[in-house]
1. If a residue counts only when it is at pLDDT below 95 and surrounded by fewer than 16 Cβ atoms within 10 Å (Cβ to Cβ), which strands (runs of 3 or more DSSP E) contained entirely in the stretch 83-134 have at least 2 such residues?
2. Take residue 224 and decide whether it is modelled with pLDDT under 95, outside any loop (DSSP other than H, G, I, E, B) and closer than 19 Å to residue 320 by Cα.
3. Being more than 20 Å from residue 372 (Cα to Cα) and touching a strand residue (DSSP E or B) at 6+ places or on another chain (Cβ under 8 Å) is the filter here, so list the residues in the stretch 338-356 that pass it.
4. Look through 327, 379 and report the one residue that is under 24 Å from residue 308 (Cβ atoms), buried (at least 20 other Cβ atoms within 10 Å of the Cβ) and in contact with a helix residue (DSSP H, G or I) (Cβ under 8 Å, 6 or more places away or on another chain).
5. Run residue 196 past the list (1) outside any strand (DSSP E or B); (2) over 35 Å from the mean Cα position of the chain (by Cα); (3) surrounded by 12 or more Cβ atoms within 10 Å (Cβ to Cβ) and report the number of the one that doesn't hold.
6. Could you grab me the full set of residues in the stretch 384-409 that are more than 26 Å from the chain's Cα centre (by Cα), surrounded by 20 or more Cβ atoms within 10 Å (Cβ to Cβ) and not in a loop (DSSP other than H, G, I, E, B)?
7. Here is a list: 169, 180. Which entry is more than 28 Å from residue 260 (Cα to Cα) and in contact (Cβ under 8 Å) with a residue 12 or more places away in the chain?
8. Is it true that residue 143 is over 23 Å from residue 100 (Cα atoms), buried (at least 17 other Cβ atoms within 10 Å of the Cβ) and under 39 Å from the mean Cα position of the chain (by Cα)?
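The values are calculated or read from the model by the stated rules, or taken from the named source; none is laboratory data. None of the values given here were measured: they were computed from a predicted structure. A quick note on method: Cβ atoms are made from the backbone with ideal geometry, for glycine too, and the neighbour counts reach across all protein chains shown.
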């Protein structure tokens, strides 16, 4: 941490120096002097940079699939015998060849590279990784060996006796060292092992809720609702920041494309609003009007969340995100779902106080308390913690069962036009604890990061977030207080443009992005 007595700007510079950002900037400037192909840049570690594609948008899911396909097709077209297995999970593909033809296999695969941004690295004498390096416009490496395909040379056994007292078949191949392979050896007539019981294969959708208070029609509807329900409202329920769009949705959707491109459909739930930059004709974008799932217009996220499971066509398994939540690194379905009937959730371990919900409570706190009391009355067990503000895995069947058990509470919150201290938080809290108590959810989360953008050290936090990329998801929020949220919003937008610079294929052509997806 930088000394607190220093001015914020100096603390920010010092933190960047400690992280190595300053050195990386110098190295990057030096690399810019080196002639490189168009839409490419040297990126990665200073001692071993890779020529990386800067022609976005990048989908890590697709980059991995392309590497596997190209390597496999190269071996097939050159009649190089190989076996396809996996290491750890079935997405980590290993193409195994006899050690005697390993150099030939590497030569064939390397020769299939369509451009200079494809590489064959040799971490050991018997292992190679074929990868497509990709970087953002600042030269930060996004895709590297983690998105590549392994090629390994295995030896043929000479002693048929196995360590477990069994016998190898004649001509079996064994790995040069133990590892989490899907098979302990490969028989000459062995078949491919391409699937794994732990792999989650059910379709997964993404659901966003979105609002823009610059819409005059929306503002008129909101003013009417505010006039009708002004009693016992916490100031946080009507905070303008809650309803203001800073274009976060654009960048959150870009994060889906880059780091979670395995999702099926993207549902965006709005009060008849559509972002001007969004091409709603794209096959993966599904707009949902409030009145498709609600009985009357509301301005309460708790009410909207309580009806998301009623979206027509929504998959059984889906991820719920607010537009201030982003994927910050590659994630997989198994990060959110343990099995077709069990999802993960992320308790924050910030304790709820023991008092019942009251008007003075922040709305999110009151809703968590009400959910706690509801579950205690039904199950005799008490919930003590809030949830992280992150991606929320959901199961329609769990929420349907929850609604069937507590129909009055669902009916009340579904008609609550503005956040109220009697609300429940279905999607962000209650469904997780209900799933846990009924055996349908377990606590476990990918690395998450949350910051209040009006904090004095928020710019420094954003620098570290971009530079280190340690978190699978992150949330950039504006908490109520005395901070300058307009300046903070400008800082946030600059950060998001740098982290997610490439337009997604569902964006209309604008001047926002240096490159627009086709």
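1. Correct list: 118-124.
2. no
3. 338, 340, 341, 342
4. Of 327, 379, the one residue that is under 24 Å from residue 308 (Cβ atoms), buried (at least 20 other Cβ atoms within 10 Å of the Cβ) and in contact with a helix residue (DSSP H, G or I) (Cβ under 8 Å, 6 or more places away or on another chain) is 327.
5. With (1) outside any strand (DSSP E or B); (2) over 35 Å from the mean Cα position of the chain (by Cα); (3) surrounded by 12 or more Cβ atoms within 10 Å (Cβ to Cβ) applied to residue 196, the lone miss is (2).
6. 402, 409 - these are the residues of the stretch 384-409 that are more than 26 Å from the chain's Cα centre (by Cα), surrounded by 20 or more Cβ atoms within 10 Å (Cβ to Cβ) and not in a loop (DSSP other than H, G, I, E, B).
7. The match here is 169.
8. When the stated conditions are applied, residue 143 passes them.
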